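Okay, structure first, notes after.
The values are calculated or read from the model by the stated rules, or taken from the named source; none is laboratory data. Please read these numbers as outputs of a predicted model, since none were measured by experiment. Methodologically, a virtual Cβ is constructed for each residue, glycine included, from the backbone with ideal geometry; neighbour enumeration extends over all protein chains shown. Ligands, DNA and RNA are excluded from the accessible area calculation, which covers all protein heavy atoms including side chains. Shrake-Rupley method; radii C 1.70, N 1.55, O 1.52, S 1.80 Å.
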Amino acid sequence: MADTERTYIMVKPDGVRRGLTGEVIGRIERKGFRIVAMKKMLIPQSLAETHYGEHKGKPFFEGLVRFITSGPVVAMVVEGPGVIAEMRRLMGATRPWEAAPGTIRADFATTVDENIIHGSDGPESAAREIGLFFKPEEILS
Ligand code: RTP
Ligand code: MG
């Protein structure tokens with residue numbers, strides 16, 4: 001069985017606005033993963049720019065930061081065997097029209113700019129993003 005890992009998951013402002021927070025949480029819970037930290041928050045501009053730092057200089061960067069700060073998100077740390085890759089699979093491809101049917105992005109999104117959910121894309125980004133959004137004492141052991 002895959003190693004137990006933690007990943008950073010976030011319902012983006014479009015998902016919160018559209019009332020899809022429960023749908024996303026339900027899919028995570030029904031899968032059998034454990035939510036070990038969670039909060040609803042407005043992301044400050046500086047945190048948004050740091051979180052998406054890898055995309056700085058790309059044409060969509062400013063719009064991405066504007067979007068992710070446009071309303072509350074629901075930030076989570078999710079734990080389970082192989083959870084980093086498995087959550088990426090449950091989310092579906094970045095471009096919703098390329099996402100496999102049954103994935104969150106395929107089922108609920110139509111555009112790449114507003115695609116409902118974020119999930120860390122590897123062990124390094126998971127550790128980095130969890131540290132950006134949560135203090136160690138906010139995470140259940
Ligand atoms: P995320 O980081 O948000 O979980 O998404 P991802 O890993 O699937 O995709 P990534 O390449 O990290 O891109 C981050 C977000 O930037 C927006 N994007 N727009 N207009 C475009 O060509 C474009 N490309 C990326 C998307 O909202 C994507 O989720
Ligand atoms: Mg990404």
Please go through region 63-89 and pick out each residue that is aliphatic (A, V, I, L, M) and within 12 Å of ligand 1 (Cβ to nearest atom). Leu64, Val65, Ile68, Val73, Ile84, Met87
Which residues, taken from region 37-65, are within 16 Å of ligand 2 (Cβ to nearest atom), open to solvent by less than 40 Å² (accessible area, probe 1.4 Å) and either of a type in the set (Gly, Ala, Ser) or not in a loop (DSSP other than H, G, I, E, B) (or both)? Leu47, Ala48, His51, Gly53, His55, Phe61, Gly63, Leu64, Val65
Just checking, does region 19-29 include any residue being assigned to a helix (DSSP H, G or I) and within 14 Å of ligand 2 (Cβ to nearest atom)? no
Any idea how many residues of region 125-141 are out of contact with any strand residue (DSSP E or B) (no Cβ under 6 Å at 6 or more places or on another chain) and in a helix (DSSP H, G or I)? 7
Can you tell me which residue within region 103-124, out of those that are open to solvent by less than 50 Å² (accessible area, probe 1.4 Å) and free of Cβ contacts under 8 Å to residues at least 60 places away in the same chain, is farthest from ligand 1 (Cβ to nearest atom)? Ala106
